[in-house]
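Below is one structure, written out as structure tokens; comments come after it.
The values are calculated or read from the model by the stated rules, or taken from the named source; none is laboratory data. For clarity, every value in this text was computed on a predicted model and none was experimentally measured. Cβ sites come from the backbone with ideal geometry, for glycine too, and all protein chains shown count toward neighbours. These accessible areas exclude ligands, DNA and RNA; they are computed on the full protein's heavy atoms, side chains included. Shrake-Rupley method; radii C 1.70, N 1.55, O 1.52, S 1.80 Å.
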Amino acid sequence: MHPRYAAKRVAFLTQHGKESLIGPLLATALGCEILRTEGYDTDLLGSFSGEVKRTDSQLKTAKRKARIGMRLSGLTIGLGSEGAFVPDPYGGLMPWNIEVLTWLDDDHGLEIVGMAQGPARSMHRSIRNEAELEDFAQAAGFPEHHLLLRPQSESDLRIQKGLSNWTALKQAFAQCLRASDNARVFAENDLRAFCNPTRQWMIRRAAEDLLKKIQSACPVCDLPGFCKVSHTPGLPCGVCRCPTPLAKAFQWQCAACAFTQVVSAIEPHADASRCNVCNP
Ligand SMILES: [Zn+2]
Ligand SMILES: [Zn+2]
């Protein structure tokens with residue numbers, strides 16, 4: 001139970017089953033009610049299959065969804081969710097999923113953001129025959145992860161979505177192949193939350209992050225949302241004492257009154273394996 005959110009109603013504008021994914025977690029921990037809000041097609045704000053390109057940034061889109069849900073339901077607290085798929089931040093070769101959840105609270109003038117990121121199940125391949133289709137489907141985590149097929153190439157808009165069993169997949173493949181001018185079918189993971197268990201797991205992790213931040217109260221004004229906002233690198237190496245890229249301090253900030261606090265890292269030294277001098 002949370003002193004400020006027990007028995008409160010929270011609008012959650014979503015149409016891809018995310019309320020069953022994270023609603024119970026937040027409702028149980030905070031004592032609030034998460035209400036799925038309908039009446040707006042969130043795919044108009046951007047979708048993954050390329051019919052509508054998302055123009056706003058991910059965080060802005062998540063906030064916009066929360067705000068629209070609040071307007072439609074007349075509630076003062078809203079939740080918004082938005083995912084993004086990008087190349088991984090290390091080598092740029094792996095598909096990477098970033099999930100953002102925003103908590104807008106007009107009663108207290110608060111905006112709290114939960115986030116999680118990691119490797120994604122987001123593969124694609126141009127396919128010529130059923131054997132290649134089977135290879136790809138196995139690599140893409142099918143049938144637990146659903147697939148999309150389209151004739152010719154990734155720019156074709158004749159999309160077959162949410163394919164979740166082998167019979168449907170093979171039928172759709174045959175149809176796409178007949179409709180294709182270049183004897184190829186473009187296959188990819190369906191990235192909508194209810195079609196992609198890896199993404200579901202990431203959304204749950206973002207909800208856990210959000211919950212942790214909601215449950216963290218500011219030492220000055222006691223409102224929710226006191227959390228780490230940035231860090232200062234330079235934790236000294238345990239062997240040569242040179243500064244490493246690891247954080248030596250973290251800046252905490254209140255989402256309501258902007259009180260900030262600098263907290264030193266718990267460990268006094270970094271492992272030499274993280275030092276650019278000892279382990280270049
Ligand atoms: Zn505060
Ligand atoms: Zn060192």
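Counting the residues of the stretch 158-171 that are out of contact with any Pro (no Cβ under 9 Å at 6 or more places or on another chain) and not in a helix (DSSP H, G or I) gives 4. When P233 is tested against (1) free of Cβ contacts under 8 Å to residues at least 24 places away in the same chain; (2) away from ligand 2 (no atom under 16 Å from the Cβ), just one condition goes unmet, and that condition is (2). Using the structure shown, decide if D105 is touching a Ser or Thr at 6+ places or on another chain (Cβ under 9 Å) and not assigned by TED's automatic domain parsing to the domain that holds L35. No; evaluated as a whole, the condition is false for this residue. In the stretch 191-238, the qualifying residues are those that are under 15 Å from the mean Cα position of the chain (by Cα) and acidic (D, E), and the one that is most open to solvent (accessible area, probe 1.4 Å) is E208. In the stretch 156-175, the condition of being of a type in the set (S, T, Y), out of contact with any Asp or Glu (no Cβ under 9 Å at 6 or more places or on another chain), open to solvent by less than 70 Å² (accessible area, probe 1.4 Å) and without any contact (Cβ under 8 Å) to a residue 24 or more places away in the chain is met by no residue. When the stretch 239-280 is filtered for residues that are within 14 Å of ligand 2 (Cβ to nearest atom), open to solvent by less than 70 Å² (accessible area, probe 1.4 Å) and touching a Pro at 6+ places or on another chain (Cβ under 8 Å), the ones remaining, listed by number, are C242, T244, L246, A270.
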